[in-house]
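Structure record follows, encoded as structure tokens.
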């Protein structure tokens, strides 16, 4: 039985079915049209959904596996980096061993681009790309969940409570160990949510979660099985600096900050 079916990324044999469903989803097509041509999407919504669908069909026509899906995404990343990045540098990749899988635990500045840049670096160096942990708070729409799981993301269920949350975290821990044991690299942020004040500290709850699959063995022994690689990412300019500052200001002045349904999606679009 596929015990991880509800949280894992899609497998090769599922990719085409999910893509065919996505490119007929009016809400998804409207989002794509709004991203590329916001004014025309408002004035001529039906026509622009049709244009988006035609463009996507052409781009995704030959996609029939996770690898071919990632080749398409790599093309988008190449163009985005060429258009928006002055210089992208990295160090430390020479310490990785080909054929060995790792758990990359990363500081968290940017919802989408943190794992994307790590993935991009690994992809172009010929390493296995990442399976990416993503919180269910970002998956308000079913098409967003499909989109993320097409790109090797797996779901972290943060919205549960009590016994259900404990079961979900145990399953998550088992899944991460399963990935490493089966030669799949994994990325996870060192804490829930982005560090908006520049202070990076790993949440102890994350380390406890990683050890939940085998509670009877010592913590250090359990974690050593995951071949943990610490990752630090920094950006000269933060595309979401104003959004982060507004949140910090509200927290300081009123003691609370309430996200809307669109907050995280707006941040992702701004970042990209």
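The values are calculated or read from the model by the stated rules, or taken from the named source; none is laboratory data. These numbers were taken from a predicted model, which means no experiment stands behind them. Counting neighbours? That spans all protein chains shown, and the Cβs are built from the backbone with ideal geometry, glycine included.
Brief remarks follow.
- Residue check for residue 78: free of Cβ contacts under 8 Å to residues at least 12 places away in the same chain, more than 19 Å from residue 149 (Cβ to Cβ) and within 20 Å of the chain's Cα centre (by Cα): yes
Here is a yes/no grid of residues against (1) in contact with a helix residue (DSSP H, G or I) (Cβ under 6 Å, 6 or more places away or on another chain); (2) surrounded by 15 or more Cβ atoms within 10 Å (Cβ to Cβ):
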position: 13; (1), (2): no, no
position: 20; (1), (2): no, no
position: 24; (1), (2): no, no
position: 32; (1), (2): yes, yes
position: 44; (1), (2): no, no
position: 50; (1), (2): no, no
position: 56; (1), (2): no, yes
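- Residue list for region 198-207, restricted to those being part of a loop (DSSP other than H, G, I, E, B) and either surrounded by 13 or more Cβ atoms within 10 Å (Cβ to Cβ) or in contact with a helix residue (DSSP H, G or I) (Cβ under 7 Å, 6 or more places away or on another chain) (or both): 200, 202, 203
- Region 233-256, subset under 30 Å from residue 91 (Cα atoms) and surrounded by fewer than 11 Cβ atoms within 10 Å (Cβ to Cβ), residue nearest to the chain's Cα centre (by Cα): 234
- Contacts under 8 angstrom Cβ, first residue in region 249-272 being outside any helix (DSSP H, G or I), partner surrounded by 14 or more Cβ atoms within 10 Å (Cβ to Cβ), 6 or more apart: 257/247; 272/80; 272/112; 272/113
- Residue list for region 97-118, filter: touching a helix residue (DSSP H, G or I) at 6+ places or on another chain (Cβ under 8 Å) and either outside any loop (DSSP other than H, G, I, E, B) or free of Cβ contacts under 8 Å to residues at least 24 places away in the same chain (or both): 103, 104, 105, 106, 113, 116
- Considering residues of region 209-229 that are part of a helix (DSSP H, G or I) and in contact with a helix residue (DSSP H, G or I) (Cβ under 8 Å, 6 or more places away or on another chain) only, the residue surrounded by the most Cβ atoms within 10 Å (Cβ to Cβ): 210
- Any hit, region 230-245, residues being under 16 Å from residue 103 (Cα atoms), assigned to a loop (DSSP other than H, G, I, E, B) and at pLDDT 90 or above: yes
- Look at (1) surrounded by 15 or more Cβ atoms within 10 Å (Cβ to Cβ); (2) under 16 Å from the mean Cα position of the chain (by Cα) and you find that residue 171 fails only one, number (2).
- Output for region 124-150, where each listed residue is surrounded by 15 or more Cβ atoms within 10 Å (Cβ to Cβ), in contact with a helix residue (DSSP H, G or I) (Cβ under 6 Å, 6 or more places away or on another chain) and within 18 Å of residue 74 (Cβ to Cβ): 129, 130, 131, 132, 150
- Of all residues in region 180-206, those that are closer than 14 Å to residue 110 by Cα have Cβ atoms under 6 Å from Cβ atoms of residues that are exposed (fewer than 15 other Cβ atoms within 10 Å of the Cβ), 6 or more apart or on another chain, in 190/202; 191/203; 196/248.
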